[in-house]
Amino acid sequence: MNLFWGLHWQAIPQHLGAGHHLDNDLDLVIGCVDSRAARAKIHDALTATWCGIAYWLDLGNNADTGQFVLGQPLNRTNRHKAHRLRAVSELFPEIIDPALDDDQQPSCSAAEALERQHPFINQTLANHALALLSRLFRCEPMAHHGGFLNLTSGALVALRAEPKVWKRMRRTVRKPD
């Protein structure tokens, strides 16, 4: 990406532990985690009142399905933007609920997970996410800001970048009473 767009970005892989903060000089955080608890840590860091990071790209998958969602976390940088892209944690609050984690499932990096996982799910999601970032970098209109992939059916459902869609999603994904 740096060569193609003449950027000078640096990747800074890091683990978010207890009390760890992200550097405010970051433009984009890409989360590729395999638990709701880990995703909740990213959400907490990016929505802290002091945080000024502009974008969060979340990628996650199961054996042959997955999602990629680019959002602008609700923080000091994005709070007053009228057309802010909703983050994955706003659209799907259950995705950051650690109580819903299945501790019986192996980590994505474990050999057992590699055997039960479709061999191309991670690469396919990564390619779609990179294509989405390329539209962002080119300042193209963002008709969608993510998608849901199912390799079994071959379906890719785009997540449209429209407030009406987000509102409808919040109505259908209600918390139990």
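The values are calculated or read from the model by the stated rules, or taken from the named source; none is laboratory data. Just so you know, these numbers come straight off a predicted model, no measurement behind them. Please note: Cβ atoms are built from the backbone with ideal geometry, for glycine as well, and neighbour counts cover all protein chains shown.
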Residue check for Arg174: modelled with pLDDT under 90, assigned to a loop (DSSP other than H, G, I, E, B) and not β-branched (Val, Ile, Thr): yes
Give the residues of region 1-48 that are assigned to a helix (DSSP H, G or I), closer than 21 Å to Leu74 by Cβ and free of Cβ contacts under 8 Å to residues at least 24 places away in the same chain, sorted by residue number. Ala38, Asp44
Near pairs, Cβ below 7 angstrom, 6+ apart or cross-chain, from region 130-146 (in contact (Cβ under 8 Å) with a residue 12 or more places away in the chain and under 15 Å from Ala87 (Cβ atoms)) to any residue that is among the β-branched types (Val, Ile, Thr) and assigned to a helix (DSSP H, G or I): none
Can you find a residue that is crowded, with 21+ Cβ neighbours inside 10 Å and closer than 21 Å to Ile121 by Cα anywhere in region 90-100? no
Could you please find all residues in region 118-167 being surrounded by fewer than 11 Cβ atoms within 10 Å (Cβ to Cβ) and either hydroxyl-bearing (Ser, Thr, Tyr) or within 14 Å of the chain's Cα centre (by Cα) (or both)? Thr152, Ser153
